[in-house]
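Derivation of every value follows stated rules applied to the coordinates shown; laboratory data play no part. Being a predicted model, the structure only gives us computed values, none of them experimental. Here the Cβ is made from the backbone with ideal geometry for all residues, glycine too, and neighbour counts use every protein chain on show.
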Amino acid sequence: MSIKHVISVSGGKDSTATLLIALGRCQREDIIPIFCDTGNEHVAVHEYLSYLEQALDITIVRLKADFTQEIAAKRVFIARDQRTRREYDIEPVFEMDGKTPVPKRDGRGNIVMHKVKRNGVMVEEPKQKTRKIGSGRRVRWTNSAKRRALSALHPTGNPFLDLCMWKGRFPSRKAQFCTEELKRNVAVAFQLDLIDAGYQVISWQGVRRDESLNRRDAKKMERSGKSLWVFRPIVDWSAAQVFAFCAQQKIQPNPLYKQGMHRVGCMPCINAGKDELREIVARFPVYLEEKSRWEARVSQTAKRGFSTFFCKELHDNNMADRRVYEANRVESVIEWTRTTRGGRQFDLLAGTTEPTACASAYGLCE
Ligand code: SF4
């Protein structure tokens, strides 16, 4: 059975180095570089992919998620929604001392047990009783929310925007469905098609252990399914080694690294930090204006009527929903990037970054 080497290319340094290694080790006809287009990339990423294609004499397959069917199904669901159930917030119940949890009991008065992990070991312990808070919320879409959502809920052809409209919200750090829906699922579907066509697939990924805590245990090679392996050739490299390797192969890094971007991907990423956002405000404000328009559109499709691209927790936990929305809107986040000391003081030097100056977070400036 023949092997296909599928290289996930993102336009960043790590995937570029991975591609260069594959080109040096494998037969060209067995290599398939793929790029999952989220619809939220900087134009420089697309230009860089064209540069790689030209410099390396390869073709990068562009893949794009399509949510047309999901949006059509959601429209039907909203239009027909007649649910009568209510949804409640809950809180745990304690004894009079305020510390001892009250156990939950079933209809016969027996304590309900459940399994939990304690210090890495699964143990069985009593489940704590909870009680409802307040009078709850209607689960059903109100008629005005239905009208609002149905007027906006139409596919646009932009995967990121369509995904958010389908979900009725933007992704967040805790619910990072964008990576899964726009990148992972699309790449896996492509690889499964190759397997169905009779190939064995090696998925090359430009992952490094020192990138984040989540990746510190990443393996160099692992079997991920029938006829499918994952290979991470630069898993133990540092960022400096990656840049040096690309330079040695006479391949330029993505120009975005020289403009203060810590990583190359969405513009901006929902997880972008304050420094990176400050650079984006100074250099690429047009992308933030676009995200502001997306906020208005996705808010129309949200049951509660609003959703924000960023979730910067610029609020205290007791703030009402509307105020949370106001605090996290793109415009508010732009203002926040101009502040210091946890957002309480205005930074007089913010906004004075010279947009043409090199501001690489990786010390790439010559
Ligand atoms: S996590 Fe960030 S870079 Fe990844 S898909 Fe989501 S927004 Fe884009």
Efficiency of FRET from Cβ geometry, Arg25 and Gln69, R₀ 45 Å, rounded to 0.05: 0.70
Relative contact order for the range 86-138, counting Cα pairs under 8 Å that sit 6 or more residues apart, in percent: 48 percent
Alpha-carbon spread of the range 70-213, three principal axes, descending order, Å: 61, 48, 31
Kirkwood hydrodynamic radius over Cα pairs of the range 213-332, then Stokes diffusion coefficient at 37 °C and 0.692 mPa s, in µm²/s: 184 µm²/s
Rounded FRET efficiency, nearest 0.05, which uses the C-beta distance separating Val123 from Arg83 and R0 of 45 Å: 0.75
The chain: angle of helix 285-301 to the longest principal axis, Cα-based, in degrees nearest 10: 40 degrees
Phi-based couplings in Hz for the range 146-155 (Karplus 6.51, -1.76, 1.60; Gly and Pro marked x): 4, 4, 4, 5, 5, 6, 9, 7, 9, x
Rel. contact order, % - alpha carbon contacts under 8 angstrom, at least six apart, the chain: 20 percent
Relative contact order (percent, whole number), the range 24-175, Cα cutoff 8 Å, 6+ residue spacing: 28 percent
Rounded to 5, the percent of DSSP beta bridges in the chain classed as antiparallel: 55 percent
Cα→Cβ-extended label distance, 7 Å offset, between Leu192 and Ala152, nm: 3.2 nm
Rg ratio (alpha-carbon, reference 2.2 N^0.38 Å) - the range 86-138: 1.37
Gyration tensor (alpha-carbon) shape descriptor, the range 159-238, a/c threshold 1.5: oblate
Residue-wise HN-Hα coupling along the range 185-196, computed from phi with Karplus coefficients 6.51, -1.76, 1.60 (Hz; x: Gly, Pro): 4, 5, 5, 5, 4, 5, 5, 5, 4, 5, 5, 4
Neighbourhood charge, 9 Å Cβ-Cβ cut-off, centred on Gly206 and excluding it, Lys, Arg +1 and Asp, Glu -1: +2
Relative packing of 83-94, 262-273, 66-77, which averages over residues the other C-beta atoms within 10 Å, highest first: 262-273, 66-77, 83-94
Rg ratio (alpha-carbon, reference 2.2 N^0.38 Å) - the range 257-301: 1.22
Simple spin-label estimate for Asp57 and Asp217 in nanometres, 7 Å along Cα-Cβ: 4.4 nm
Average silhouette area of the chain, convex hull of alpha-carbon atoms, in square nanometres: 24.8 nm²
Principal axis box of the range 37-79, alpha-carbon based, largest edge first, Å: 51, 19, 6
Trp229/Met96 FRET efficiency (R0 45 Å; Cβ-Cβ; nearest 0.05): 0.15
